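Report on one structure; see the data block that follows.
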Amino acid sequence: MPPNPRPIPRFIADSTQEGIPHGRFAERLLSEFRTACEKIEDLPEGVDLLTAEAEWFPERTWSGRVWVPCAARTEGPDGALELFGHVSYTLPEGGEPAGFGAKADFTDILAEDNPGWRIDLNDDVIGRWRGENGRAGDVTLVWGRPLVRGAVAATAELETETVDQELISNERFTLVALDALQGYGDDIFMQVKLWSHRAQELASESLYDEPPGPDSSAG
């Protein structure tokens, strides 16, 4: 078999092992997430972080850290807001979670106000991959919810190549894959796709697409 003309890493993260956090550990994660929310510089005054209901997404492990995305709804002075971000930690073999870190931001652009959306996505760059001759890409954590019926799996794709996939759990999924791939002609951006149990593509969205407005037809 000849050398691969695009030797990029695929399926770089461990599949989820524990699924969606719950119980006392979820409370520990929430404490870290709230601390990160308190550091958001432009968070509107009057947002009550203590009443924000957190929704955790399946964990993924990459580069020696476990990454657990989160989204939480709360009320701001002008209406509903969504806080989003992730908590990460190390988990030594046979040890206890340690080295916690968290990152958070917020948005007032919500899925219920955008009926044309088919996937509700968040993402954050958590690392960098470097290949030969200046080729590179962003290692990106992606988490979201399907807004169409029948989705059982999500994939991350670079052009025609699947670079990560996970089953959807409790209407939530988490992916870790390269994005913004450079050095192979035009930059190549990740597409997130949803699939039915019959392997039918139900939705596809780039992290850089402008979400369709209320008057747009669903694609």
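The values are calculated or read from the model by the stated rules, or taken from the named source; none is laboratory data. All figures in this text were calculated on a predicted structure; none of them were measured in a lab. Virtual Cβ from ideal backbone geometry, glycine too; neighbours counted across all protein chains shown.
For ALA154, indicate whether it is in contact with a Phe, Trp or Tyr (Cβ under 7 Å, 6 or more places away or on another chain), on the phi < 0 side of the Ramachandran plot and surrounded by fewer than 18 Cβ atoms within 10 Å (Cβ to Cβ).
Details: in contact with a Phe, Trp or Tyr (Cβ under 7 Å, 6 or more places away or on another chain): yes; on the phi < 0 side of the Ramachandran plot: yes; surrounded by fewer than 18 Cβ atoms within 10 Å (Cβ to Cβ): no.
It is false that ALA154 is in contact with a Phe, Trp or Tyr (Cβ under 7 Å, 6 or more places away or on another chain), on the phi < 0 side of the Ramachandran plot and surrounded by fewer than 18 Cβ atoms within 10 Å (Cβ to Cβ).
Going by the structure shown, is GLU55 under 22 Å from the mean Cα position of the chain (by Cα) and acidic (Asp, Glu)?
yes
Looking at the structure I just gave you, is LEU50 more than 24 Å from THR155 (Cβ to Cβ), in contact with a Ser or Thr (Cβ under 7 Å, 6 or more places away or on another chain) and aliphatic (A, V, I, L, M)? So LEU50 does not fit the description; no. Within segment 141-155, the set of residues being out of contact with any Leu (no Cβ under 7 Å at 6 or more places or on another chain) and under 21 Å from SER88 (Cβ atoms) comprises LEU141, TRP143, ARG145.
Just one of the listed residues (GLU32, GLU27) is more than 26 Å from ALA154 (Cα to Cα), over 20 Å from the mean Cα position of the chain (by Cα) and acidic (Asp, Glu), and it is GLU27.
Do we have THR35 as in contact (Cβ under 8 Å) with a residue 60 or more places away in the chain, in the same structural domain as LYS103 (by TED's automatic domain parsing), outside any loop (DSSP other than H, G, I, E, B) and touching a strand residue (DSSP E or B) at 6+ places or on another chain (Cβ under 7 Å) here? It would help to see each step written out before you state the result.
On the way: in contact (Cβ under 8 Å) with a residue 60 or more places away in the chain: yes; in the same structural domain as LYS103 (by TED's automatic domain parsing): yes; outside any loop (DSSP other than H, G, I, E, B): yes; touching a strand residue (DSSP E or B) at 6+ places or on another chain (Cβ under 7 Å): yes.
For THR35, the condition - in contact (Cβ under 8 Å) with a residue 60 or more places away in the chain, in the same structural domain as LYS103 (by TED's automatic domain parsing), outside any loop (DSSP other than H, G, I, E, B) and touching a strand residue (DSSP E or B) at 6+ places or on another chain (Cβ under 7 Å) - is met.
Checked against (1) loosely packed, with under 12 Cβ neighbours inside 10 Å; (2) assigned to a loop (DSSP other than H, G, I, E, B); (3) more than 17 Å from the chain's Cα centre (by Cα), GLN17 passes all but a single condition, namely (3).
Has segment 97-115 got at least one residue that is in a loop (DSSP other than H, G, I, E, B) and either within 30 Å of PRO7 (Cβ to Cβ) or in contact with a helix residue (DSSP H, G or I) (Cβ under 6 Å, 6 or more places away or on another chain) (or both)? Quick ask: steps written out before the conclusion?
To start, the set of residues in segment 97-115 that are in a loop (DSSP other than H, G, I, E, B) comprises 97, 108-110, 114-115.
Those left that are additionally either within 30 Å of PRO7 (Cβ to Cβ) or in contact with a helix residue (DSSP H, G or I) (Cβ under 6 Å, 6 or more places away or on another chain) (or both): none.
Taking every residue of segment 97-115 in turn, none turns out to be in a loop (DSSP other than H, G, I, E, B) and either within 30 Å of PRO7 (Cβ to Cβ) or in contact with a helix residue (DSSP H, G or I) (Cβ under 6 Å, 6 or more places away or on another chain) (or both).
Only one of GLY95, GLY99, GLY127 is assigned by TED's automatic domain parsing to the domain that holds ILE188 and surrounded by fewer than 18 Cβ atoms within 10 Å (Cβ to Cβ). Can you tell me which? Being assigned by TED's automatic domain parsing to the domain that holds ILE188 and surrounded by fewer than 18 Cβ atoms within 10 Å (Cβ to Cβ) holds for just one of GLY95, GLY99, GLY127, which is GLY127. Considering ASP120, ASP108, the condition of being of a type in the set (Asp, Glu) and buried (at least 17 other Cβ atoms within 10 Å of the Cβ) is satisfied by ASP120 alone.
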